[in-house]
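Here the structure is laid out as structure tokens; the discussion comes afterwards.
Throughout, read-outs are computed from the coordinates displayed, never taken from laboratory work. Just so it is clear, the model here is predicted, and its values are computed rather than measured. Ideal geometry is used to build each Cβ from the backbone, glycine not excepted, and the neighbour counts take in all protein chains shown.
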Amino acid sequence: MKKVICAFMLALPALGLGTVSAALAQGAGGQPGQITIKDPAEYNDYTNAVGQSSPANKATAIELFLQKYPNSVVKTDMLELLLATYQQTGDMNKTLDAANRLLAVDPNNLRALAIAVYIQKAQAASKTNPADAQPLLDKAAAQAQTGLNAPKPASLSDADYAKLKAATATIFDSAIAMDDENKKDYAGAIQYFTNELKAYPDPTMTKSGAGLNDTYLLGQAYAQQTPPDQKSAAWFLTRAAQFAPNPQAKDQIEKAAEYFYTKFHGSLDGYPAVQTLAQANLFPPADYNPTPAPPPPSPADLAAQTVAATPDLKTLSLSDKEFILFNGKPDDASKVWDIMKGQRVEVPGTVISATADSVELAVTEDNKQTKKADFTITMKTALKTVPAIGTDVTYDATFDSYTPNPPMVILNDGEPPAKTPAGRRRTRSSR
């Protein structure tokens, strides 16, 4: 997950379970049915449990009640109360367990679904490896889809059901979108992030919290699809930048927005007006209409021009060499690879995925912006500390091979850069 959201999401204020509970409370209002417990002992245990004032004591009493009376007529009611009580304690693991137990007897319970989805999405966001996050996101997305399709309970009026659906829709759509994005299904992510943002009753609610974060992620989804939708990416990233919660996040997102706007339009001409529009509009209005830049020369022609204009190909930057390898005609790519293969260099980049034995980096600016790896470094010895996704690192490594499709440069014998006795890094080789 952090491959996409690390810097921005961590900059946002945390959305706690209390906030989710408050949102769900907007949809409350159904009248519970009359409780009839015939066994006096069971009734006494029931009143004792619900009458506890301390959340910890109430949770303990409810757990004991459910163990003693597993088939009680008030089992569902007690599980709902247990869920609310664990929320009060702030124990997310026990809250999730209570939600899942309630769903086992009431699979369409919207409050339990929303809370379970919210917690599992938060757990997935804490994972540094997208593969570790995927099972959590898959379950959250499946439960979210159930929530979106859940029928109206008999105990709720049409008005209260509509309120509860509105309170949960943004949670459900966001979870499905994040599941799709983690699986690189960017079309699906775009659909559900868009659904989520449209579900907010007031667009101003997207200026902070989950709505703002998912506005940013929608921009990222447009940027990462193939081919990138640069115009849409620029809009939603610009919108997110206007309300970013701190200067560092604002600067990072705005640079990405300017990058995609320039890629689409050819320059930053007119961009201040786009910033003004984005402050006032969640979705692009009709007057957001930057003209596309003229088509550039083909990549193969650019590669050929670069090779022809460079007497010593060793002086090319690492990004230029990579561009020629992946886009040049076979003869031009061969000339560049001949001066690269077997050479040892320092490779700086942003971590896309990592294990102790191998790190995938985004090295060029294009790949950093679209969060795609273009270099794979196999380590000489296992790393003691695996770098976090999204961090900037540098490794010494030796060029071994490359594949133009999918585009990837492979290096072996990777290790942290050597340092001089004075503690300064050695000068990088020419790239």
Quiz item: From the residues Ala41, Thr168, Leu411, which one has its Cα farthest along the dipole of the chain in the positive direction, the dipole being from +1 and -1 charges on Cβ of Lys/Arg and Asp/Glu about the Cα centre?
Solution: Leu411
Quiz item: Which whole-Hz ³J(HN,Hα) couplings does segment 293-301 yield from phi under the Karplus relation 6.51 cos²θ - 1.76 cosθ + 1.60, θ = phi - 60°, glycine and proline marked x?
Solution: 5, x, x, x, x, 5, x, 5, 5
Quiz prompt | CD proxy at 222 nm, helix term only [per DSSP H run n ≥ 4: -39500 (n - 2.57); per residue of the chain; nearest 500] | solution = -18000 deg cm²/dmol
Practice problem: Taking only Cα atoms and a 10 Å spring cutoff, compute GNM fluctuations for the chain and point out the largest among Thr47, Thr398, Thr204. | Solution: Thr47
Quiz item: With the chain treated as a Gaussian network of Cα nodes joined by springs under 10 Å, which of Gln252, Gln120, Gln242 yields the largest mean-square fluctuation?
Solution: Gln252
Quiz prompt | Quarter of the Cα convex hull surface for segment 203-295, i.e. its orientation-mean projected area (nm²) | solution = 5.7 nm²
Quiz item: Among Thr310, Thr394, Thr378, which one moves the most in a GNM of the chain with springs linking Cα atoms closer than 10 Å?
Solution: Thr310
Practice problem: For each of Trp235, Trp337, count neighbouring Cβ atoms within 10 Å of the residue's Cβ, then give the residues from fewest to most. | Solution: Trp337, Trp235
Quiz item: How do Arg101, Arg111 line up, fewest other C-beta atoms within 10 Å first?
Solution: Arg101, Arg111
Practice problem: Place a +1 charge on the Cβ of each Lys and Arg in segment 110-249 and a -1 charge on the Cβ of each Asp and Glu, then give the dipole magnitude about the Cα centre in debye, rounded to the nearest 20. | Solution: 160 debye
Exercise. Give the cross-link partners of Lys314 among the lysines, using a straight C-alpha distance below 17 Å as the criterion and excluding same-chain residues fewer than 8 apart.
Key: Lys335, Lys341
Self-check item: Overall Cα dimensions of segment 341-415 - principal axes, largest extent first, Å
Solution: 29, 28, 18
